[in-house]
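Structure first, then comments.
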Amino acid sequence: MNKLILLLSVMMLLSATSFTQKGRVRKTLAGGQVYLPTTVYRVLADGSRQKIEYTYNEFGHTVSEKWSVEQNGTYVVNREIIRTYHRLPNGEFVLLLEEGNMFWLEGMKGRHSFVYDEKGMELLDRYETYESGEWKVYRSREAVLNENGIRTAIRTFNIKTREMEVDPNYTFDKRGRTTQATDYGNTYTYTWDDNDRLTGFTSSQEGRFHNMEITVNEEYFNPYMLNPLLDRSRPVEDDYAWNDYTLHEWLFSADGERMTVRAIEDKTNGEATQSVFVGDVEMIKTVYKKDVNGGYSVTTTELSEGGTYTYEQRRIYNEYGAVIRDYNMENDTGNGYHRESLWVYERTCDAEGRPVRTTNVYNGETQYTETYDSWSVVTPLGTEALPALPTVRVYPNPAVDVIVIDGAPAGSTLAVFDLSGRIIFRRANIGDREIVSVASWSGGLYLVAVQTQNGTVTNKIVKK
């Protein structure tokens, strides 16, 4: 890969984030509902068998999964995971808590939790492991708040010292919005208007791309995420996602050479093209094509040293909006060698739109096959179906001995932050009326966050 790979990744990143969910006329069950599998039987390439059981919330997000392996004709549970979700102000759902035998811990017990305020500002992102009967921090980042509850810095967990330390890789404006983020050697800067819309973005990497300038128009990115472009939304179920795209024109300058990205959208045939030119030479070309039922394909070709690099992705939906074929192909003939890989995901549905069989193939070799014998009927995510946030009161304010939290829905989680971003109190599954002692807290301002299934309600209180 030549030095344009950074530009390629940024292009694909921005292109990917421009895909948005939009309603379409399609064949569905009554009320626009669809089927998601609840019991899955998987056969791996070595002949071993697994059973996976899922449950979903009303929007189709996975809230639990149970994995079992076959031993002497009986399925034995070896992994269980539960999840809860949070609704951002723009209607998107993000992961709030994931707990169980985590894949990132090779099956050990762990949890990954988040806290957001009412703007969608990320206050906490923490990984923990369960060892010797207690939870231990594995990785964590927390927001540091000023006396008005505005984020001013980020603290991250130093695993060597086991202390939280201020992270210099992030800076914020007076409203707590991210203005600069450094990630794996790349530095991103952002500017925002009064309505929290992105008005400018630059990216640079030492020794590679300096002063790369991109103008983005009318795109919403959450300025309260730590990296608004890279972690705009944490993934949830997308088997039923009706996609469209919007393309813009960006101008780049890199290493003293002017680079122009030309973006063309043709609404008559559903095809769009992005090309990157250095001078008059076309270095990268990306072609977007729409397919029936909301499907699409994306093909990117890069002129590399001694050859070309091609990446293609295609997703096909049936008339119910379910993914029935998804594949990724890459072909690299640069630098004197040839590499080709192909992932294919294929699903068969019955006449009612219920998935009955899935096959996953890599370079011609079947990795696993799945069959389904039960399903859950859910309504795909749509902002028009979202319930309003609950009204939660916190009193007295100022407080001396206790605070009362009134109106939290069942299953809510309470978290209280001090101005340094530390969580000083946390309680899961709180009741409709919760009483918390604050007598031992130091005097000052605190942020009380009640995380519900439909979003986070925050209140500021003063401890005398």
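Restricting attention to region 369-414 and to residues that are closer than 30 Å to ALA45 by Cα and not charged (D, E, K, R), the residue that is modelled with the lowest pLDDT turns out to be SER376. With respect to THR215, is the statement that it is at pLDDT 75 or above and open to solvent by 70 Å² or more (accessible area, probe 1.4 Å) true? Here the answer is no, as THR215 does not meet what is asked.
Remark: ARG139 falls outside the filter, which requires a residue to be touching a residue at least 60 places away in the same chain (Cβ under 8 Å) and either touching a Phe, Trp or Tyr at 6+ places or on another chain (Cβ under 7 Å) or open to solvent by 40 Å² or more (accessible area, probe 1.4 Å) (or both). Taking first residues from region 453-464 that are part of a strand (DSSP E or B) and partners that are among the β-branched types (Val, Ile, Thr) and open to solvent by 40 Å² or more (accessible area, probe 1.4 Å), the Cβ contacts under 9 Å between residues at least 6 apart in sequence or on separate chains come to VAL457/THR391; LYS463/VAL400. Here is the figure for region 63-113: residues that are in a strand (DSSP E or B) and without any contact (Cβ under 8 Å) to a residue 60 or more places away in the chain total 28.
For region 121-130, state whether one or more residues are open to solvent by 50 Å² or more (accessible area, probe 1.4 Å), assigned to a loop (DSSP other than H, G, I, E, B) and not hydrophobic (A, V, I, L, M, F, W, C). Checked against the condition, which is being open to solvent by 50 Å² or more (accessible area, probe 1.4 Å), assigned to a loop (DSSP other than H, G, I, E, B) and not hydrophobic (A, V, I, L, M, F, W, C), region 121-130 yields no hits at all. If the condition is being at pLDDT 75 or above, closer than 17 Å to GLN313 by Cα and hydrophobic (A, V, I, L, M, F, W, C), then region 276-302 contributes ILE284, VAL287, VAL298. The residue of region 150-164 that is farthest from GLY443 (Cα to Cα), among those that are more than 25 Å from the chain's Cα centre (by Cα) and not hydroxyl-bearing (Ser, Thr, Tyr), is LYS160. How many of the residues in region 93-118 are within 13 Å of THR129 (Cβ to Cβ), open to solvent by less than 50 Å² (accessible area, probe 1.4 Å) and not charged (D, E, K, R)? Final tally of qualifying residues: 8. Close Cβ contacts (under 6 Å, 6 or more residues apart or on different chains) running from residues in region 158-183 that are free of Cβ contacts under 8 Å to residues at least 40 places away in the same chain to residues that are open to solvent by less than 50 Å² (accessible area, probe 1.4 Å) and among the aliphatic types (A, V, I, L, M) comprise VAL166/ALA153; ASP167/ILE154. The residue of region 409-430 that is most open to solvent (accessible area, probe 1.4 Å), among those that are outside any strand (DSSP E or B) and closer than 14 Å to THR391 by Cα, is ALA410. Among the residues of region 57-91, which ones are over 18 Å from the mean Cα position of the chain (by Cα) and either at positive phi or among the aromatic types (Phe, Trp, Tyr) (or both)? TRP67, ASN72, GLY73, TYR75, listed by residue number. Here GLU122 does not fit the description of being within 21 Å of LEU389 (Cα to Cα) and modelled with pLDDT under 75.
Within region 167-198, restricting attention to residues that are of a type in the set (D, E, K, R) and either open to solvent by 70 Å² or more (accessible area, probe 1.4 Å) or in contact with a His (Cβ under 8 Å, 6 or more places away or on another chain) (or both), the residue that is modelled with the lowest pLDDT is ARG197.
Of all residues in region 431-445, those being at pLDDT 90 or above and open to solvent by less than 50 Å² (accessible area, probe 1.4 Å) number 4.
Listed here are the strands (runs of 3 or more DSSP E) enclosed by region 156-201 that have at least 1 residues being among the hydroxyl-bearing types (Ser, Thr, Tyr): 170-172, 178-183, 186-192.
The values are calculated or read from the model by the stated rules, or taken from the named source; none is laboratory data. Since this is a predicted model, take the numbers as computed values, not measurements. So basically every Cβ, Gly included, is an ideal-geometry build from the backbone, and we count neighbours across all protein chains shown. Note: accessible area is taken over every heavy atom of the protein model, side chains too, but ligands, DNA and RNA are not part of it. Shrake-Rupley method; radii C 1.70, N 1.55, O 1.52, S 1.80 Å.
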